[in-house]
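Written out below as structure tokens is the structure these notes cover.
Bear in mind these aren't lab numbers, they're just calculated from the coordinates by the rules spelled out. Predicted model only: the values in this text are computed from it and were never measured. Using ideal geometry, Cβ is built from the backbone for each residue, glycine included, and neighbour counts are taken over all protein chains shown.
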């Protein structure tokens, strides 16, 4: 059983990553050519740990950046306005239902701040994307972390019970599909619960991976925001749109909730680079389908290898896969890092399982070869 | 007497600016050649209203952006770490005394949030950079706005009285040099007061324009932060470093205050473009001196014109100038806009005066010619 460590905590000591880059097997000259992989700065380990889209920056976003950046000495209001107009069109919502976030992480913060109250508690699944806990604690809220079921499903019944047991206001965080499991929430049960949103029961729906979902049952909660002001949907350009470094997220909610979030926001929170790149990526009709196809190819390859090795995996509706490693997860991650592949971090209640980001097919081929070699050593 | 309108409020309706761009005299073909000016997108009015550095993006920042942006599909932790290390070296402080902000506007928010308390009030000068008022109100704090003296000086005596009259905690915001006046705070009086910082009296020092100050008496409050945890200094890359569009600010404070601010921060708040551009700009030894020299040349030109016209101006320690327009400020701004020059917005308690951003000398030549033409029409 591990404590949940966030990317922020992991990266608090940058030295550890640097050391890996120097000691990983990929730095041995003979292997670099044989195993191409996506890197941040032309060298270093294979990065399958942060759920980035390793196809790289969308070409149209690169062009938009080249065109716009000479003007970065000006405040970026126009570019922000253009992006928001494009998003309104994309989602068929009014501009009053949208708010820009410096990454969806800032949307989550604005939502928590807007929903905070003296008697409020936060109810969230565990493990899940954990940052809302920090935001709630910063507002003095009580935090109830509800473990996933033994099948790693978000335990809506238990979460409802936690809400019912609290005399004051509840703010419920749900990640759909959930991170790190990749599992979609049960759509019927979810929709029934979201229908109960009220002044005493607010929902924050994190749909960071929505564009990767294959399951036809998936329905975004965006449609519910038009008439219910107690619900926020968070979306991001860090995942399928491949812009994690530029920090663009957005929230969709009822205009009344958008106003409440706006009152809690840091002003001028949009940067020119993120705005122009996001707009270009959003308006590229091929980028999402290309990324989904690449992701499916990588997924199929990894699933075949896992099946060959008799390691279970959960159904995948994201650009990462939660799978068995038959042994201690921390030891597995450490051995992978020593082999030049960063495959994750610790999540609570899930020892023996690991979250694997799905990189490009060529990257996943390297991973599969390494996993097979691990089996030969008796490590998985 | 005008209400103070922020850039955010002004830009809430982007349509107004767009209309100006179409109707300003600069769009008439015959005049575009005669009056070169800096623009955001190759056309539109001369922008002397937001205190940007219209020399444009530092060349080394442009190169750093071109090198780094293909990697923007990754999270930007390494680039952020590199920038913070460079800042620590630049200011000769430890990394534990620094925090990144998505513009200094986010530093101000973190500071207010970290200092907020049930019994706290915010005390601020009026007019000044007004966003802290919004942040304090979002935390339920009382806000006391203390008018500048008739000579437009920050009225420290009156602010101290407001602090003394309050039984609870006071958070004091000071902008040095003040925006929109450009006046430095009286250094001796200021330092005495800052020495009183305690658990019951916290200070937020906004030094956004510090790099432009000419007065040798100016002393940054950075030195005081090492031993006093009740003081935050906010700095920005939006002004002399010409990166307003990329949203990079930073705070300097005692490690205990940095921790308190960090607990209130949105995670992953740094973007790759801002980080690499800021580091390159900071490490360019010529950029600041070039910008200061250009600013001085523009200032001298404008001061000569104002003197010729018998219009008073305050001493200038920034990249903007507060000067008389002998008449209603709103009407003056409107006429300037009709002539294709945006010169500002309304500030409280200062009708008859205007804040003029100092652009490049060629831009200020256009402004001076226009001002002289206004005198000929009897408008100033």
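Before moving on, here are some points about what is shown:
- Placing a pseudo-label 7 Å from each Cα along the Cα-to-Cβ vector at residue A:375 and residue A:217 gives an inter-label distance of 3.0 nm.
- Counting every C-alpha pair in the range A:61-282, the share spaced more than 34 angstrom apart comes to 13%.
- Euclidean distance between Cα centres, the range A:180-223 to the range A:46-72, Å: 28 Å
- Shielding score for B:275-282, defined as the mean number of other chain Cβ atoms within 10 Å: 1
- In chain B, the DSSP-assigned H stretches of four residues or longer account for a calculated mean residue ellipticity at 222 nm of -11500 deg cm²/dmol, using -39500 (n - 2.57) per stretch and the full residue count as denominator.
- Chain B: most fluctuating residue of B:165, B:85, B:64 per GNM, C-alpha cutoff 10 Å: B:165
- Relative packing of B:192-199, B:56-63, which averages over residues the other C-beta atoms within 10 Å, highest first: B:56-63, B:192-199
- If a spin label sat at a point 7 angstrom from the Cα of residue B:292 along the line to its beta carbon, the backbone N atoms of the range B:65-106 nearer than 18 Å would be those of B:90-92.
- Here the protein assembly as shown yields Rg over Rh of 0.99, to two decimals, using C-alpha coordinates and the Kirkwood radius.
- Rg followed by Dmax, in Å, when chain A is reduced to its Cα trace: 20.8, 64
- Among B:238, B:94, B:357: highest mean-square fluctuation, GNM of chain B, C-alpha pairs under 10 Å: B:94
- P(r) tail fraction, the range A:242-290 - alpha-carbon pairs more than 13 Å apart, %: 66 percent
- Sorting A:363, A:308 by the number of Cβ atoms found within 10 Å of their own Cβ, with the fewest placed first, yields A:308, A:363.
- Average partner coverage of A:52-61, which counts Cβ from other chains inside 10 Å: 2
- Measuring r between the beta carbons of residue B:157 and residue B:119 and using R0 = 41 Å, the FRET efficiency lands at 0.95.
- Three semi-axes of the equivalent ellipsoid, the range A:48-175, Cα gyration tensor, whole Å, largest first: 36, 19, 14
- Other protein chain C-beta atoms within 10 Å of residue C-beta, averaged over B:62-73: 6.
- Equivalent-ellipsoid semi-axes for the range B:202-311 (Cα gyration tensor, √(5λ), whole Å, largest first): 31, 19, 12.
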